[in-house]
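The values are calculated or read from the model by the stated rules, or taken from the named source; none is laboratory data. No experiment lies behind these values; they were computed from the predicted model shown. Neighbour counts run over all protein chains shown; Cβ positions are idealised from the backbone, glycine included.
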Amino acid sequence: MIKKINLSVITFIYIIVYFAAMLAVVIAIKPSPTGEWDDYSLATSSIMAQHNLNISNGDVEEHQHIFPDFKDYIVNYSLSRHIAKDGGEMPWYFPTYSAACVPCVKILQLCGLRASYGFAI
């Protein structure tokens, strides 16, 4: 007699295997600044350093500390040129993605791994 297998158990196992496989693929590929990388990585630095969404010169310095593999590319970054009341510059996009990446970036920092992998993961 064949036992019925619970569909939720199969789905859970599939999700765990899929997550592990995708994590391995992401970690195997070195992150590189593509697309709107300056907007989301600078916004992540700003959220982590100053807990706000405005990009200031201090955030750029913090960015170079958090993401040293992006340091050479941040010299000529381009944002929206919309200036906030406190003088910080706003990114083109609302930083929802940047805020979602903060926990992963912090975990990677605690583990001594490259924080830039946080965007891909």
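Taking first residues from region 11-28 that are in contact (Cβ under 8 Å) with a residue 60 or more places away in the chain and partners that are among the aromatic types (F, W, Y) and assigned to a helix (DSSP H, G or I), the Cβ contacts under 9 Å between residues at least 6 apart in sequence or on separate chains come to V26/Y117; I27/Y117.
Note on region 78-107: residues that are buried (at least 18 other Cβ atoms within 10 Å of the Cβ) and modelled with pLDDT of 80 or more total 4. Being in contact (Cβ under 8 Å) with a residue 40 or more places away in the chain and among the acidic types (D, E) is a description that does not apply to D86. All of (1) surrounded by fewer than 16 Cβ atoms within 10 Å (Cβ to Cβ); (2) farther than 25 Å from A20 by Cα; (3) at pLDDT 80 or above hold for V75 with one exception: (3).
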